[in-house]
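Any read-out appearing in this document is the output of simple, stated calculations on the displayed coordinates, not a laboratory observation. From a predicted model like this one, the values you see are computed outputs, not experimental measurements. Please note: Cβ atoms are built from the backbone with ideal geometry, for glycine as well, and neighbour counts cover all protein chains shown.
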Amino acid sequence: MAALIEAIDLKRKTFFEVDGLPFVCLDVEISTPTARGGQTLVRVKMRNLKTRAVFDRTFKAGDRFKEPDLVQSPASYLYSDGNGSHFMDQESFETLTLQEDMLGDALDFLVDGQIVQILLFNGSVIGLQMPQQVELTVTYTEPGIRGDTASGSVNKAATLETGIEIRVPLFVKQGEKVRVHTETREFMGRA
């Protein structure tokens, strides 16, 4: 029997099952009543792991959810083609193919050999979970010019090896590796 999770115990990045579908909690807001006899409500921003849809739903504090039969398996990114994106399972060494709708914006951060967590629900692949930050090489950025900080712009645009563009500090040069936060797409530091 899978463990039950109460709505009041939900936290960010908690996996839970509602109506037979797997979800991950993105944000939680608990509202306690001011009047006697009022019920504590839990407003949850959640993502359906199968369809990637994000929505808000309100539950009573005592509502219970099953823990989903979710397995995370490490896999390395191989390549993408017309059939989808291909990954090699690091334990069984079999090739797994994920369709574009399962990836979300993960392709913006994937380079050859990148290790990610493949999510399996009831034995079938439903998506992947990216690490919190990745290291990418800057392929193009304007050189920082002395005096740029006087105009108030202490950041400049940089194009990374996967093609995404982020804002980086003036001292970052072309060819350097930088750490990028995968959720916010922000510069985290040099690698």
Exercise for the section: Would you list, by chain and number, the aspartates and glutamates whose Cα falls below 17 Å from the Cα of residue 60, excluding same-chain residues fewer than 8 positions away? Expected result: 6, 9, 17, 19, 27, 29
Exercise for the section: Please list, in chain and number order, the residues 5+ apart from residue 10 or on another chain whose amide H is under 5 Å from its amide H, with Hs placed from the backbone. Expected result: none
Exercise for the section: Rounded to the nearest 0.05, what FRET efficiency do residue 177 and residue 9 give with R0 = 35 Å and r taken as the Cβ-Cβ distance? Could you check? Expected result: 0.35
Fill in the blank from the handout: The answer for residue 176, listing residues at least 5 apart or on another chain whose modeled amide H is closer than 5 Å to its amide H, is 138
Completion exercise
Along the dipole axis of the chain (charges at Cβ: +1 for Lys and Arg, -1 for Asp and Glu; origin at the Cα centre), the most positive-end residue among 90, 163, 113 is 163
Problem - Approximate spin-label separation residue 67-residue 115, in nm, with each point projected 7 Å along Cα-to-Cβ - result: 2.3 nm
Exercise for the section: For each pair in 13/156; 11/66; 11/45; 11/177, compute the distance between the two Cα atoms and list the pairs where it is over 21 Å. Expected result: 13/156; 11/177
Fill in the blank from the handout: Yeah, the chain with a ≥ b ≥ c from its alpha-carbon gyration tensor (a/c under 1.5 is rounded, else prolate when a/b outruns b/c, oblate otherwise) is oblate
Problem - Those residues of the range 99-141 whose amide nitrogen sits under 19 Å from the label point placed on residue 55, 7 Å along Cα→Cβ - result: 102
Problem - Spacing of the two label points (7 Å from each Cα toward its C-beta) at residue 124 and residue 93, in nm - result: 2.9 nm
Completion exercise
HN-Hα couplings for the range 91-101 via Karplus (6.51, -1.76, 1.60; θ = phi - 60°), in whole Hz with x for Gly/Pro, come out as 9, 9, 6, 8, 8, 10, 10, 10, 7, 4, 5
